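Q: Have a look at the structure that comes next, please.
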Amino acid sequence: MSRPIRVALVAGEASGDILGCGLMQAIKQRYPDAEFIGVGGARMEAEGLKSYFPMERLAVMGLVEVLGRLFELLGRRRQLARDLIAAKPDVFIGIDAPDFNLGLELRLRRAGIKTVHYVSPSVWAWRQKRVLKIREACDLMLTLFPFEAQFYDEHQVPVRFVGHPLADAIPQQADRAAAREALDLPQDEPVVALMPGSRGGEVARLGELFLDAAIRLRALRPGIRFLLPCATPERREQLEQMLAGRDLPLTLLNGRSHEALAACDAVLIASGTATLEALLYKRPMVVAYRVAPLTYRILKRLVKSPYISLPNLLAERLLVPELIQDAATPEALAQAVAPLIDGGQVQTEGFDVIHRALRRDASVSAAEAVLKLAGRA
């Protein structure tokens, strides 16, 4: 009698824990007695993962912070590789966290373990030579977006586009009236959501810019009101300080970003995953981004992609305005958002096509690809 399938997974942060949880649930639909080992968060542990150490030990943001923890991270990776090679899983899945996982995948693959990487790093945009390491490290790449799969095909890396879990979770048509009722907003007034990012540095660079743009937008469109979801209590405090002395009809929300997107008519938004959420809610948007001047000069030379926002990358054309660095002024942002409040249909028709393309039952698609690789399809 064959032993139950043993699956190893390593997730490095909360988004990976969500993906890992969905993948484990889908594997268990086929193999209820599957064993799961590796590293994950509370969601993956609730599905039965035996985690070798807390996922938080891997969740490090920023170069300086990584350097401070480098010896610990390298030591943990060496030990984890030894533990997993000894455990002989049928397949290993590294979920995002490429700096940690690709090195681990390389060791495991050399030891004869099948390896999968779930969520592509941005190799198509910059540091394209990393694809050589990826080709060496993994038997299969699972991508959330079709343009990523195209890139790997061109570089002879086995790949499967599985779709995006958010496209499965967010309805094709969001109920604006219900969202406004839940947030205690009037049904007949224009509402713009301001989303300057979830990290302290992003809010420091974009928060005041977005609030100044809101003041100018109000002059263009009297009667408008604003929503601003705060990712954490720290972000709320940061934004409250920026709001002091500004006269704006603005509601700060604790989280509730999806409700804000469902309730609004248009969005002023920082480049990042939130732009995908705005697209899936079919809300017209203007994307803005600012980084430190030196970082911008370096990235401008390194980045190969013509666009920075996911809606434009997915549409393969300039579907939403992108105002980057010095072009992102309060006046320019207000002028770009104003016509979208009543007339964003051209954008949102394109969004509907993309939503359908990304809706693939991602967790089940990913599980099918993993089980096929493990010889358990």
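The values are calculated or read from the model by the stated rules, or taken from the named source; none is laboratory data. A quick note: this is a predicted structure, and the numbers were derived from the prediction, not measured. Quick reminder, even Gly has a Cβ in these numbers, built from the backbone with ideal geometry, and neighbours come from all protein chains shown. When the accessible area is computed, the model is the full protein with side chains, heavy atoms only, and any ligands, DNA or RNA have been set aside. Shrake-Rupley method; radii C 1.70, N 1.55, O 1.52, S 1.80 Å.
Q: Please go through the stretch 330-368 and give me each residue that is hydrophobic (A, V, I, L, M, F, W, C) and open to solvent by 10 Å² or more (accessible area, probe 1.4 Å), ordered by number.
A: 332, 336, 338, 340, 341, 346, 353, 354, 357, 364
Q: Cβ contacts < 7 Å: first residue of a type in the set (Gly, Ala, Ser), restricted to the stretch 129-142; second residue open to solvent by 50 Å² or more (accessible area, probe 1.4 Å), any location; separation 6+ or different chain. Result?
A: 137/109
Q: Name the residue that is most open to solvent (accessible area, probe 1.4 Å), counting only residues in the stretch 105-132 that are among the hydrophobic types (A, V, I, L, M, F, W, C) and within 20 Å of residue 21 (Cβ to Cβ).
A: So, considering only residues that are among the hydrophobic types (A, V, I, L, M, F, W, C) and within 20 Å of residue 21 (Cβ to Cβ), the one most open to solvent (accessible area, probe 1.4 Å) is 119.
Q: With the requirement that a residue be part of a loop (DSSP other than H, G, I, E, B) and either open to solvent by 10 Å² or more (accessible area, probe 1.4 Å) or modelled with pLDDT under 90 (or both), what does the stretch 133-151 give you?
A: 139, 144, 145 - these are the residues of the stretch 133-151 that are part of a loop (DSSP other than H, G, I, E, B) and either open to solvent by 10 Å² or more (accessible area, probe 1.4 Å) or modelled with pLDDT under 90 (or both).
Q: Tell me, which residue of the stretch 335-344 that is in contact (Cβ under 8 Å) with a residue 60 or more places away in the chain and within 26 Å of the chain's Cα centre (by Cα) is nearest to residue 213 (Cα to Cα)?
A: The qualifying residue nearest to residue 213 (Cα to Cα) is 337.
Q: Now for a different question. Here's a check for you: in the stretch 53-98, which residue that is of a type in the set (Phe, Trp, Tyr) and closer than 21 Å to residue 41 by Cβ is modelled with the lowest pLDDT?
A: Only one residue fits best here, namely 53.
Q: Given the residues 301, 256, 283, which is the only one that is among the basic types (Lys, Arg) and buried (at least 23 other Cβ atoms within 10 Å of the Cβ)?
A: Being among the basic types (Lys, Arg) and buried (at least 23 other Cβ atoms within 10 Å of the Cβ) holds for just one of 301, 256, 283, which is 283.
Q: Name the single residue that is most open to solvent (accessible area, probe 1.4 Å) among those in the stretch 232-253 being aliphatic (A, V, I, L, M) and more than 23 Å from the chain's Cα centre (by Cα).
A: 244
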